[in-house]
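Notes follow the structure.
The values are calculated or read from the model by the stated rules, or taken from the named source; none is laboratory data. Every value quoted in this text rests on a predicted model; they were computed, and no experiment measured them. Note: ideal-geometry Cβ built from the backbone for every residue, glycine included; neighbour counts use all protein chains shown. Accessible surface areas use protein heavy atoms only, side chains included; no ligands, DNA or RNA. Shrake-Rupley method; radii C 1.70, N 1.55, O 1.52, S 1.80 Å.
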2 protein chains.
Amino acid sequence: MSMSEPSSTAPASVEEFRERLAMISAELPKRLRQCADHIAANVDRIAVSTVAELAAGADVPPSALMRFCQILGFSGFSEMQRLFRDAYAPGWPDYATRLKTLRDSGAGSPTALLAEFIDSGRQSLESLAKSVDEQALAQAVDVLSAAGTVHLAGFRRAYPVASYLAYVFEKMAVSAMLHDGAGKLDHRFALRPGDALIAISFAPYSVETLALAEEARARGLAVVAITDGAVSPLAEGADVCLAVSEVDFGAFRSLSATLALALSLAVAVGTARSGV
Amino acid sequence: MSMSEPSSTAPASVEEFRERLAMISAELPKRLRQCADHIAANVDRIAVSTVAELAAGADVPPSALMRFCQILGFSGFSEMQRLFRDAYAPGWPDYATRLKTLRDSGAGSPTALLAEFIDSGRQSLESLAKSVDEQALAQAVDVLSAAGTVHLAGFRRAYPVASYLAYVFEKMAVSAMLHDGAGKLDHRFALRPGDALIAISFAPYSVETLALAEEARARGLAVVAITDGAVSPLAEGADVCLAVSEVDFGAFRSLSATLALALSLAVAVGTARSGV
DNA sequence: CTCGATATGGAATATTTATTCCATTTTCAG
DNA sequence: CTGAAAATGGAATAAATATTCCATATCGAG
């Protein structure tokens, strides 16, 4: 079996390691399969484990794991582990320790609340890094770069996002209009053909945002939706859908991921429009 | 010298380790001092290094490092390292790998921009965890819990924060008034004695916010400032100052840390006011 | 079924790493 | 200055870990 032949070179980065792992995992005999599965699920333990520990975790003898490392292209386990030890992310455990201290200050205390919201914010941002639809983002930039005026609709919890977009577009000298519902005035007639709408809404989906999105579509505007998933009513009929989810703590959700996405979108659009 | 006597028990957590390290560092002979300094600055390498590597880093012979581990209360280096290996934060390197991939998609591309803003958001939140003034936060909660109406002032970049606070206070059934400057109307007469103001502003400090804060103080309101440091003009004269900084990427800054802080404040105030 | 190729497990061996011990140096109190 | 206590460095030793090798088992093609 050609899979037993070690690859000629060892992966030189964690990313390359993952690719190699995926590639060789296509066809493996029983014990080596166990190794692959366990390693894939415990990449974060490679730097801090021994052959014996990982082998025990995979329920194989150490020699099987040695063979597995060689199939991946390493001379042995030590070479593989060196890759991970050298690539180790700095900063731990400072943040984790600190967060725990804050949390331990007492359930419900302002400090413990802060710890929870900090954590949910970070998790939300991390989740965005993994889940972002890069094509949709690029498409949204294209659509908005070609638009006349960019209209912004987001109410209640989404309002901070919409207003931040208005701020950034102003900074980037992009024609933008914030629909803030002031005085219950009806600005729908400002939705002109060739314009575009960024509609921002999350469950339980503001009626006003949905209505404005529908009105925009009817008037021939392109609609870019920022919402919490493909099942969102806002996604339906939008030209582009940027899905982003936030982690809850209690009755409230972070806004960190949404703002990072919005900011990236606005800066990319502003840059594209200025021709830089 | 009594410092040479090993402590009776080994630290049982990373936090305890840090406390022990700080405690014994008060007085140490030359080589052991070098060990303390190096370990303190490289806690994140303990799990993935050998005695020889850490000793070389500290510029001491391995035996000095062994002695240092024993002074900390461990039987040896292995016991100390075990503490860190067992406490190792899971999840790495998935996020780091992903972020690198996003960044590598091309400088200035929407995706690379997103990577940068995700990273600056996470760093800002982490920085908040480390820098938060817990006493100031508790004091702000006390002040706002005792207030009649909570007035909210934040313009331009700070406006999303102020509007989010308004949203959360509404959800928590707290009397709150968002000063949004609509129609350039002057709502300063709504600032009643017994009320409080949350004033949010960052460099280059909105004139409107500073003016409203000053007006509030003159009318006997308590002022809670959310701003970017003790040198901020907003901090001067405020009853409580909540300092929060954000990491820049290019001309724009994250808002993640500020929002997490604001959200925590609002929820704590709402909870305190409802008597739960 | 046979036989060759492949997979497997475990023990022996090699290598690396942690630890101990001791001679020497340095420090500090009297 | 002396002498005892403490600090220091390095080599020897012990322990842990990685690796190799070989006998045996399993698989699959003919």
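Output, in nm with one decimal and in ascending order, the distances from the A:V231 label point to the matching label points of the other copies (7 Å from Cα along Cα-to-Cβ). Ordered by distance, the counterparts are at 5.1 nm. When the protein assembly as shown is described by a simple charge dipole with +1 on each Lys and Arg Cβ and -1 on each Asp and Glu Cβ, the residue from A:A182, B:S25, B:A211 located farthest towards its positive end is B:S25. In chain B, taking the dipole from charged Cβ atoms about the Cα centre, the farthest positive-side position among B:V231, B:A10, B:A56 is held by B:A56.
Here the Kirkwood formula puts the hydrodynamic radius of the protein assembly as shown at 26.2 Å, using every distinct Cα pair.
All alpha carbon pair distances within segment A:131-274 were sorted into 10 Å bins beginning at 0; the resulting P(r) in whole percents reads 12, 48, 34, 5, 0. When B:G76 is represented by a point 7 angstrom out along its Cα-to-C-beta vector, the spacings to that point in the other copies are 2.1 nm, nearest first.
Counting partner chain Cβ atoms within 10 Å of every residue's Cβ in A:153-160, what's the average? Before the final figure, lay out the partial values.
Working: counts 0, 0, 1, 6, 5, 1, 6, 12.
Neighbouring Cβ atoms belonging to other protein chains average 4 per residue here.
Modelled spin labels at B:M66 and A:A136, positioned 7 Å past Cα toward Cβ, are 5.9 nm from each other. Among the trypsin sites (Lys or Arg not before Pro) within segment B:198-256, those in coil by DSSP and having at most 16 neighbouring Cβ atoms inside 10 Å are B:R219.
Taking square-rooted eigenvalues a ≥ b ≥ c of the alpha carbon gyration tensor, is segment B:225-274 rounded, prolate or oblate, where a/c under 1.5 means rounded and, failing that, a/b exceeding b/c means prolate? Note, shape of segment B:225-274 comes out oblate. At 4 °C and a viscosity of 1.567 mPa s, what translational diffusion coefficient does Stokes-Einstein give for segment A:81-149, taking Rh as the Kirkwood radius over Cα pairs? Give it in µm²/s as a whole number. Rounded to a whole number, D works out at 83 µm²/s. Close amide H contacts of A:V223 (hydrogens built in the peptide plane, cut-off under 5 Å, sequence separation of 5 or more or a different chain): A:L197, A:D239, A:V240. Placing dummy labels 7 Å off each Cα toward the beta-carbon, the span from A:S75 to A:E215 is 7.1 nm. Once the Cβ-Cβ distance of B:E53 and A:D59 is raised to the sixth power relative to R0 = 30 Å, the FRET efficiency obtained is 0.45.
If you build a Gaussian network model of chain A, linking Cα atoms that sit under 10 Å apart, which residue out of A:A147, A:A115, A:A58 swings the most? Answer for the Gaussian network model of chain A: A:A58. Taken across both chains, chains A and B shield about 6600 Å² of accessible surface from a 1.4 Å probe.
Shape class of segment A:31-164 from the Cα gyration tensor (axes a ≥ b ≥ c, square roots of the eigenvalues): oblate, since a/c reaches 1.5 or more and a/b does not exceed b/c. Every Cα-Cα pair in chain A was counted, and those over 27 Å apart are 56% of them.
Pop the C-beta distance of A:A203 and B:N42 into the FRET formula with R0 = 41 Å and round what comes out to the nearest 0.05. Provide the component values of the computation, followed by the final result.
On the way: r = 45 Å, r/R0 = 1.10.
The formula returns an efficiency of 0.35 here.
Note on chain B: GNM, Cα springs under 10 Å; of B:S256, B:S109, B:S245, the largest mean-square fluctuation is that of B:S109. Annotation: aspartates and glutamates with alpha-carbon distance below 20 angstrom to B:K30 (same-chain offsets under eight excluded): B:E5, B:E53, B:D59.
Spin-label model, A:K100 to B:A12: label points 7 Å out along the Cα-to-beta-carbon direction sit 1.2 nm apart.
Shape call for segment B:2-86 from the C-alpha gyration tensor, a ≥ b ≥ c root eigenvalues: rounded (a/c under 1.5), prolate (a/b greater than b/c) or oblate? Here segment B:2-86 falls in the rounded category. For the segment A:9-17, counting C-beta atoms of other chains within 10 Å of every residue's C-beta and taking the mean gives 2. For segment A:209-254 versus segment B:46-76, the spacing of their alpha-carbon centroids is 55 Å. Evaluated with a Cβ-only charge set (Lys, Arg +1; Asp, Glu -1), chain A carries a dipole of roughly 240 debye about its Cα centre, given to the nearest 20. The 3J(HN,Hα) values that the Karplus relation (6.51, -1.76, 1.60; θ = phi - 60°) gives for segment A:253-268 are, in residue order, 10, 4, 10, 4, 5, 4, 5, 4, 5, 4, 4, 4, 4, 5, 5, 5 Hz. Gly and Pro appear as x. Round to a whole number: what % of the accessible area of the protein assembly as shown belongs to carbon and sulfur, probe 1.4 Å? The nonpolar share, carbon plus sulfur, comes to 53 percent. Within the listed set B:D119, B:D37, B:D228, the residue fluctuating most in the Gaussian network model of chain B (springs between alpha-carbon atoms under 10 angstrom) is B:D37. Ordered by solvent-accessible area of protein heavy atoms (1.4 Å probe), largest first, the residues A:R67, B:R103 come out as A:R67, B:R103.
Sorted from largest to smallest, which semi-axis lengths in Å does the alpha carbon gyration tensor of segment B:144-228 give for its equivalent ellipsoid, taking the root of 5 times each eigenvalue? Kindly include the intermediate steps, with their values, before the conclusion.
Working: eigenvalues 60, 47, 30 Å².
Working through the eigenvalues yields semi-axes of 17, 15, 12 Å.
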